[in-house]
Amino acid sequence: MKIEWEKRVDGKKFEQFIGLIGGVQLSLEETQFEIRVRAEENLQRVRAAGNSHRGGVPDVGGAEIGTERGRVDRYVTLSDASANRQGGNPNSALSIELGRNAYDVTLLDGDGKTVTKYTVGAMGGTYILTDAADLPHKLKGGAKVKRHVKIRMKKGGRRGGRTSRRD
């Protein structure tokens, strides 16, 4: 006996049709709310612990928990617009969540000559969202290859101004 499923209902994909049912949407909103509350608690716990939490954890002072709504799905987000992390680099929230590997930095003057070199240390992840959603810690933070960042200061112009380039 062969069973055939309709792939579309009322012009929508079957999964989308089911996802848009009122009770399903209400359940998604409730789950989103619960995860957001736990994520806020986790973020506050990391803030209170400071750098003693899991050794070498990023500053979460500019981090915020938010929510977004897709057409069907609901999302809980972690964002970080902290000025001390490259002006709110979009990757800083990812580093907060999953951690990062160490990387080398070379500071160049306006003519491209090396001023100084240093290493930024590795840090463990906080798993704020992962723990809030009760997901396993499968992903490891950081790139698989060692990064080297070169920061070139502008010639003349504003003092302290700089641009960066990653190699």
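Observations on the structure shown:
- Qualifying residue in region 122-143 (condition: under 30 Å from residue 19 (Cβ atoms), of a type in the set (Ser, Thr, Tyr) and either surrounded by 17 or more Cβ atoms within 10 Å (Cβ to Cβ) or modelled with pLDDT under 85 (or both)): yes
- Test result for residue 36, modelled with pLDDT of 95 or more and more than 28 Å from residue 120 (Cβ to Cβ): yes
The values are calculated or read from the model by the stated rules, or taken from the named source; none is laboratory data. The model shown is predicted, which means the values in this text are computed figures rather than measured ones. Cβ atoms come from the backbone with ideal geometry, glycine included; neighbour counts cover every protein chain shown.
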